[in-house]
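Here it is, the structure in full.
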Amino acid sequence: MKFRQLFAIPNLLCYLRIALIPYFVVTYLHAQEAIDYLYTALILAVMEITDFLDGFIARRYHMVTEIGKIIDPIADKLLQLTLLVLLIYQYPLAVGVLVLFLIKETSMTICGLVSIRKKCRLDGALWCGKVATTVFYICMVLLILFPSIGQPLADILLLVTAAFLIYSFIVYMKTYYQMLKKEDHD
């Protein structure tokens with residue numbers, strides 16, 4: 001691997017996102033007033049913007065690297081996992097969303113490994129995955145920004161998140177199934 005690829009701008013944005021996770025956790029856990037939660041939500045928004053920018057820059061300026069294909073999804077999943085674990089303490093329904101998230105990501109990792117072994121793989125994220133991720137982050141920002149949002153509204157946001165996770169999971173599993181089935185017949 002070339003040194004230049006390791007430090008391509010999109011990859012640096014991924015590294016930044018990962019490096020900000022512990023800072024975000026500490027800031028969230030020490031938040032007590034509305035301004036603290038606003039600051040925490042702004043840190044989260046910065047991390048989400050880096051997620052958008054790394055992909056945009058990589059595609060637009062032909063800076064897609066093999067390390068970027070690995071580090072970007074890892075950064076995304078670490079952030080999403082962190083958010084759900086943090087929210088479990090305040091919103092019990094977050095446990096269910098966390099379980100769905102773990103099932104989806106574990107299944108997709110297994111399917112991804114099987115597809116690589118069979119010399120076929122998805123070329124990037126499906127649109128439903130991008131929509132589910134966007135909805136996930138919007139709901140998480142709202143829950144972080146407004147900690148006294150109330151249980152009914154928090155549950156609605158978590159159920160919306162869960163619904164998009166489930167839909168994305170179904171579409172991905174169907175896509176992997178069709179791709180692997182086709183590969184078996186070729």
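The values are calculated or read from the model by the stated rules, or taken from the named source; none is laboratory data. Please read these numbers as outputs of a predicted model, since none were measured by experiment. Heads up, the Cβs are rebuilt from the backbone with ideal geometry, glycines too, and the neighbour counts pull from every protein chain shown. Just so you know, the surface numbers come from the protein's heavy atoms only, side chains and all, with ligands and any DNA or RNA stripped out. Shrake-Rupley method; radii C 1.70, N 1.55, O 1.52, S 1.80 Å.
Towards the positive end of the charge dipole of the chain, with charges on Cβ (+1 Lys, Arg; -1 Asp, Glu), say which of ALA8, LEU78, THR161 has the farthest Cα.
Value: ALA8.
With a 1.4 Å probe and all protein chains left in place, how much accessible area per residue does the chain have, in Å²?
Details: 10980 Å² over 186 residues.
That works out to 59 Å² per residue.
Sticking with this one: Quick one: putting +1 on the C-beta of Lys and Arg, -1 on the C-beta of Asp and Glu, what dipole do you get for the chain around its Cα centre, in Debye to the nearest 20?
780
Please give, to one decimal in nm, the separation of the simple spin-label points placed at CYS128 and GLU33, each 7 Å out from Cα toward the Cβ.
Label-label distance for CYS128 and GLU33, simple model: 4.6 nm.
While we're on this one: What net charge do the residues around THR133 carry, taking every other residue with its C-beta under 15 Å from that of THR133, with Lys and Arg at +1 and Asp and Glu at -1? Intermediate values should be presented prior to the final figure.
On the way: positive: ARG17, LYS77, LYS104, LYS130; negative: GLU48, ASP51, ASP54, ASP72, ASP76, GLU105.
Result for the local shell: -2.
Might you work out the accessible area of LYS69 for me, using a 1.4 Å probe with all protein chains in place, and round it to the nearest 10 Å²?
Only protein atoms counted, so the area is about 90 Å².
Okay, next question. Run the numbers for ILE49 and MET63: contour at 0.36 nm per residue of separation, minus the present Cα-Cα distance, in nm.
On the way: separation 14, 0.36 × 14 = 5.04 nm, distance 1.77 nm.
Full extension of this stretch gives 3.3 nm more.
Once a ≥ b ≥ c are taken as the square roots of the eigenvalues of the Cα gyration tensor of segment 77-186, is the result rounded (a/c under 1.5), prolate (a/b larger than b/c) or oblate (a/b not larger than b/c)?
On the way: a/c = 2.96, a/b = 2.65, b/c = 1.12.
In terms of gyration-tensor shape, prolate.
Roughly how large, in nm² to one decimal, is the mean projection of the convex hull of the alpha-carbon atoms in the chain? Display every interim value, and only then the final one.
Values: hull surface 44.7 nm².
Across all orientations, the chain yields a mean hull projection of 11.2 nm².
To continue, here is another question. Counting only the heavy atoms of the protein chains, how much of ASP184 is accessible to a 1.4 Å probe, in Å² to the nearest 10?
100
Now for a separate question. Over the chain, what percent of the accessible surface lies on carbon and sulfur atoms, probe 1.4 Å? Intermediate results must be reported in sequence, preceding the final value.
On the way: 7700 of 10980 Å².
Answer for the chain is 70 percent, counting heavy atoms of protein chains only.
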